[in-house]
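The values are calculated or read from the model by the stated rules, or taken from the named source; none is laboratory data. On a predicted model such as this, the values are computed, not experimentally measured, just so you know. Virtual Cβ from ideal backbone geometry, glycine too; neighbours counted across all protein chains shown. Each accessible area value is taken on the protein alone, full model and side chains, heavy atoms only, with ligands, DNA and RNA left out. Shrake-Rupley method; radii C 1.70, N 1.55, O 1.52, S 1.80 Å.
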Amino acid sequence: MTSHIALQGLSDPELLRRQALIGGKWVDAESGARIEVTDPATGAVLGTVPDVSAGQTGQAIAAAEAAFAQWRRTSPAERAKLLMAWHDLMIAATEDLAMILTLEQGKPLAEARGEIAYGASFIKWFAEEARRVEGGIIPAPMTDRRILATKEPVGVSAIITPWNFPNAMITRKVGPALAAGCTVVVKPSEFTPYSALALGVLAERAGIPAGVINIVTGMPAEIGAELTSSPVVRKLSFTGSTRVGSILMGQCAPTVKRLSLELGGNAPFIVFDDADLDAAVEGAIASKFRNGGQTCVCSNRILVQAGIHDAFVERLAERVSSMKVGSGMAADSDIGPMINGAAIDKINAHVQDALDHGASIAARAETPEGQYAAPMVLTGATGDMLLASEETFGPVAPVFRFDTEEEALLLANGTPFGLAAYFFTQDMQRAWRVGEALEFGMVGLNTGAVSMVESPFGGVKQSGLGREGARTGIDEYLETKAFHMAGL
Ligand SMILES: O=CCCCC(=O)O
């Protein structure tokens, strides 16, 4: 089968796999059904992958269950060694992995390289953490007893990942799962399966045993229903929208699975009068336009205090109007295509609704025809606009004006979501006060970037459950067993 990706010249064409991975075997769908994967920059079909059925998903679950029996008994040092080998192969394959990622997802190649480094960092981190899973001894109320708290892997884990970070959202989940001794069935987004399959190839080369990582490609409803209903699957980790997360949560209820959910955000980005203007503009660019605005932690509402409002808007507008929009494969692109037509429709609807409600366009970058959204700064944004209550998930920066700190906090917290928030001030008392008052899982003071392996990633309210990355990320894949030894 020919493929546009192969024509682009991967140095290791074997990384481009077009089959699902079940129990160590690369397989097609039993029905022969396949789905197309397209390049969002051109609309060209990159190739196809199997549309795996519920039955085959069941086979992947059975393979993960069989592998779990052995994998859970490997030593932490052995798991760490295999994970480090996987990490090293990822780093060595950065250029190819980044090219695959850009072609199927659209983000500029430089950002894709950054995602591969970010993705690999989770594998390295959890390779290290594998050897630090410790239990404890609890003083018992009687003298002839000892109580041990031991840690055990949760079991077979279902990993459902999104299209916006096709590499790193897999590694942030699979890294800790494998380190803890769990085995996984990964269902990557149907828009970006090639990045996932390439990770599968590298895992196999690293020596990770058959069945420990299974990857099922295809449409989400059928595969998701099988993963969530299976009593063998003991854990679901999902990154995606709150709407889908809550459906999955409901589907997991009958079998009472452990859940990690990284869901939608509606991040406020607050600029106080006393902010460092340069730093605030840089922070806004970093947090708003990462991945073309298609990131759950991207700022969605830019709240600017009246005294600095006009200066901030002027500087932001200058930066945004000179942004380069184009194919992620072009060296000078700052913003690539959006993932699909539905994304463009939503962005356009938000912009039109804002304009209908009195907003104005302060800046708009030149944008080519095709599946692109124009980077834009809107002023005069207000709470009755769609973009105040929903994630736009695109390169549109709406600026809301506020007068007092109290007003800013009411606006910022006035959302059912609570993933990330950012604020800029040079007043240290305000820094503590506002940082503590923001109802979000992640808060950036004088920075627009909070995503890094060392830091716990996750949200409160309808933004999800659990934390990924960091020291605690492995806990999501561990159970505590109370082991009572009596008659001593
Ligand atoms: O949309 C959510 C992906 C999270 C990417 C990150 O880790 O910042």
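Listed values, structure above:
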item	result
Percent accessible area from carbon and sulfur atoms, the chain, protein chains only, probe 1.4 Å	55 percent
Summed side-chain charge close to THR425 - residues other than THR425 whose Cβ falls under 10 Å, Lys, Arg +1, Asp, Glu -1	-3
Radius of gyration, Dmax [region 346-488; alpha carbons; angstrom]	20.3, 78
Environment charge at PHE191 (Cβ cut-off 12 Å; Lys +1, Arg +1, Asp -1, Glu -1)	-4
Residues of region 390-415 with amide N under 11 Å of the 7 Å Cα→Cβ point at ALA437	404-413
Value of [θ]222 nm, deg cm²/dmol, for the chain, DSSP H segments ≥ 4, -39500 (n - 2.57) each, nearest 500	-12000 deg cm²/dmol
For region 434-451, Karplus couplings with θ = phi - 60° (6.51, -1.76, 1.60), whole Hz, Gly/Pro x	6, x, 6, 7, 6, 8, 9, x, 9, 10, x, 9, 6, 8, x, 10, 10, 8
Surface accessible to a 1.4 Å probe, per residue, for the residues of the chain, Å²	38 Å²
Residues listed by number, region 265-281, amide nitrogen under 16 Å from SER322 label point at 7 Å toward C-beta	278-279, 281
Net dipole in debye of region 146-251 [+1 Lys, Arg Cβ; -1 Asp, Glu Cβ; about Cα centre; nearest 20]	400 debye
Ratio Rg/Rh [Cα only; Rh per Kirkwood] for the chain	0.99
Summed side-chain charge close to THR404 - residues other than THR404 whose Cβ falls under 15 Å, Lys, Arg +1, Asp, Glu -1	-4
Chain lengthening between ASP356 and ASP427 when straightened (0.36 nm per residue, less Cα-Cα)	21.9 nm
Cross-link reach list, lysines versus LYS324, counting only Cα pairs under 30 Å and skipping chain neighbours closer than eight places	LYS107, LYS288, LYS346
Solvent accessible area, Å² - TYR372, 1.4 Å probe, full protein context	30 Å²
For the chain, size of Cβ-based charge dipole, Lys and Arg +1, Asp and Glu -1, in debye	1960 debye
Protection-proxy order for peptides 66-73, 218-225, each taking the mean of Cβ atoms within 10 Å per residue, highest first	218-225, 66-73
Virtual spin-label span in nm between GLU479 and THR382, 7 Å along Cα→Cβ	5.5 nm
Using alpha-carbon coordinates, inclination of helix 94-105 to the longest axis of the chain, degrees	60 degrees
Computed E for GLN251/ARG72 - FRET, C-beta separation, R0 22 angstrom, nearest 0.05	0.30
Added length on full extension, which subtracts the Cα-Cα distance from 0.36 nm per residue, ASP276 to ALA221	15.1 nm
